[in-house]
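Heads up: the structure comes next, in structure tokens.
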Amino acid sequence: MDLLITTKGHMVEFDAESGRGIGYQVSPEKPRGKVLVLHAWWGLNDFFKSFADRLASQGFLALAPDLYDGPVATSVEEAKTLHSKADNKRIEKIVAGAAEYLNSMPSPPGRKMGVVGFSMGAALSLELSTLKPGSVGAVVVFYGTYPMDFSKAQASYLGHFAPDDEWEPLSEVRALEGKLREAGRETSFHFYPGTKHWFVEENRPVEYNRQAADLAWKRTLEFLDRKLG
């Protein structure tokens, strides 16, 4: 059941190596955990801000960095263009800077952060867990993979996938699962029959599936409660 803690979000700035990064931060009065939210290739749109709001309503300090430094796409073609023009090194610096900023928050002290990533952001979430193993304790990925070496990771992993996803082949999902289990990481992947890529994003009316989205949210919250709460 949602706690419905009153929160208020605002834009913040943080260091991102060669430049400043910006992000949407929302926090309850007394956070019980910290979660980084990494958006899909659309940019930092209202859905990802609302997801941060929703996490904060459950007691988590949430930060959703803007990986594109401003631009937001509303169509697949626009997103393809944004993604193709994006500076991957800049994005990596923003993710690292956002993680450092969130980790520096004084409350709650001494706990690892969670990272929730969507599609493009899912791959970045997985990568971050290997680059900052001492900081990342829980990773949730929505329809995104990055089968890499997880031997240095210390996180637990939860995944939400569409079984017939034209953007994320099942073979890649199984490869990721294999890499995680090979590294001895706690891993739980869920598949949602009848869904498509972006199935939890309410602003994607063709792909959005309320029943699957609600179940994925329930599982995500239970996971974060166990690992961060």
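Annotation: peptides 56-69, 196-209, ranked by per-residue average of other Cβ atoms within 10 Å with the highest first, follow the order 56-69, 196-209.
Which of rounded, prolate, oblate describes segment 72-186, given a ≥ b ≥ c as roots of the alpha-carbon gyration tensor eigenvalues and a/c under 1.5 marking rounded, otherwise prolate only if a/b is larger than b/c? Spell out each step's value before the answer.
Details: a/c = 2.03, a/b = 1.17, b/c = 1.74.
The shape class here is oblate.
Screening the chain for whole DSSP H helices with an alpha carbon extent of at least 15 angstrom along the helix axis and a mean Kyte-Doolittle hydropathy of at least 0.0 yields 120-131.
For segment 13-94, what number results from the quotient of the Cα radius of gyration and 2.2 N^0.38 Å?
Working: Rg = 13.4 Å, N = 82, 2.2 N^0.38 = 11.7 Å.
So the Cα radius of gyration is 1.14 times the expected 2.2 N^0.38 Å.
Here the chain is treated with +1 on each Lys and Arg Cβ and -1 on each Asp and Glu Cβ, and its dipole about the Cα centre works out to around 720 debye. The value obtained for the chain, namely the Cα convex hull volume divided by the number of residues, is 113 Å³ per residue.
What percent do you get for the relative contact order of segment 99-229 when only Cα pairs under 8 Å and 6+ apart count?
Details: 239 pairs, mean separation 26.4, N = 131.
Reported as a whole number, the value is 20 percent.
Going by average Cβ density within 10 Å per residue, which order do the peptides 30-40, 115-125 take, highest to lowest? Show your work: numbers first, answer last.
On the way: 30-40: 23.8, 115-125: 25.7.
Going by the mean number of other Cβ atoms within 10 Å, highest first, we get 115-125, 30-40.
Per residue, the average separation of C-alpha pairs within less than 8 Å and at least 6 apart gives the chain a relative contact order of 16 percent. Rounded to the nearest Å, what's the spacing between the alpha carbon centres of segment 153-229 and segment 32-102? Just the number, please. So the two Cα centres are separated by 18 Å.
Close amide H pairs (under 5 Å, H built 1.01 Å from N) link Gly159 with Val141, Ser188, Phe189, His190, residues at least 5 positions away or on another chain.
No lab work stands behind these numbers, since they all come straight from the coordinates. The shown structure was predicted, so the numbers you read here are calculated from the model rather than taken from an experiment. With ideal geometry, Cβ positions are generated from the backbone for all residues, glycine too; neighbour counts draw on all protein chains shown.
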